[in-house]
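A.B. asks: What follows is a single structure, and I will ask about it in a moment.
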Amino acid sequence: MNQDRHLNNIALIRDRSRYKPCPIFDCGDSFLLDFALYSPEIESRAYLTKAQCLPFKSRFTQTVHTAQTLYGKQLAVNIDKTGIDTILDKYLCYYPKQFHFLLKERIETVLIEQQKKLFEK
């Protein structure tokens, strides 16, 4: 979930004579982690319905469901809290300890809630 997705925010990788999209680029706003936009004092779930998908200014679920209608399901996500924690535990050491709980809570909430809305039948 990244509000900063728009057509002016795409990176390309040059591979010899061709270009391909960069798989990970400018994810600073992902997972509601921009604390200037998403206060740590407000519960993460409260932001899930307010975040907009740019450039369309629509909800993420609406954008994904529209894409699925047009192109079929292109992505499947199946991860649980234990799987998320296993991944996060490898990287939290790079962040100040006082943010560990908040980072974990935000990322877990976004992934689990969005997975429920977008990928579960």
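Bear in mind these aren't lab numbers, they're just calculated from the coordinates by the rules spelled out. What you see is a predicted model; the values in this text were computed from it and never measured. When we count neighbours, we look across all protein chains shown, and the Cβ atoms used for this are built from the backbone with ideal geometry, even at glycine.
A.B. asks: Hey, if you drop one equal point scatterer on each alpha-carbon of segment 12-118 and run the Debye formula without solvent, what base-10 log of I(q)/I(0) do you get at q = 0.11, 0.16, 0.20 Å⁻¹?
C.D. replies: -0.45, -0.91, -1.25
A.B. asks: List the residues, sorted by chain then number, that are 5 or more residues from SER58 or on another chain and whose placed amide H is less than 5 Å from its amide H.
C.D. replies: CYS53
A.B. asks: Cα-Cα over 30 Å: which of LYS73/LYS97; LYS90/LYS116; LYS57/LYS97; LYS20/LYS73?
C.D. replies: Numbers: LYS73/LYS97 38 Å; LYS90/LYS116 25 Å; LYS57/LYS97 35 Å; LYS20/LYS73 21 Å.
Those over the limit are LYS73/LYS97; LYS57/LYS97.
A.B. asks: State the extension gain, in nm to one decimal, for the chain segment bounded by THR49 and PHE101, taking 0.36 nm per residue of separation less the distance between their alpha-carbons.
C.D. replies: Details: separation 52, 0.36 × 52 = 18.72 nm, distance 2.22 nm.
Extra length from THR49 to PHE101 when fully extended: 16.5 nm.
A.B. asks: Neighbouring Cβ atoms within 10 Å as the yardstick, rank GLU113, GLU43 fewest first. The partial results should precede the final answer.
C.D. replies: On the way: GLU113 15, GLU43 10.
Ranked by crowding around the Cβ, least crowded first: GLU43, GLU113.
A.B. asks: List ARG18, ARG45, ARG106 from most exposed to least, where exposure is judged by having the fewest other Cβ atoms within 10 Å.
C.D. replies: On the way: ARG18 8, ARG45 11, ARG106 20.
So the ranking, lowest neighbour count to highest, is ARG18, ARG45, ARG106.
A.B. asks: What are the ³J(HN,Hα) couplings of segment 92-104, residue after residue, when phi is run through the Karplus curve with 6.51, -1.76, 1.60 and θ = phi - 60°? Round to Hz, x for glycine and proline.
C.D. replies: For segment 92-104, the Karplus-derived couplings read 5, 4, 7, 10, x, 4, 5, 9, 4, 4, 5, 4, 4 Hz, x marking Gly and Pro.
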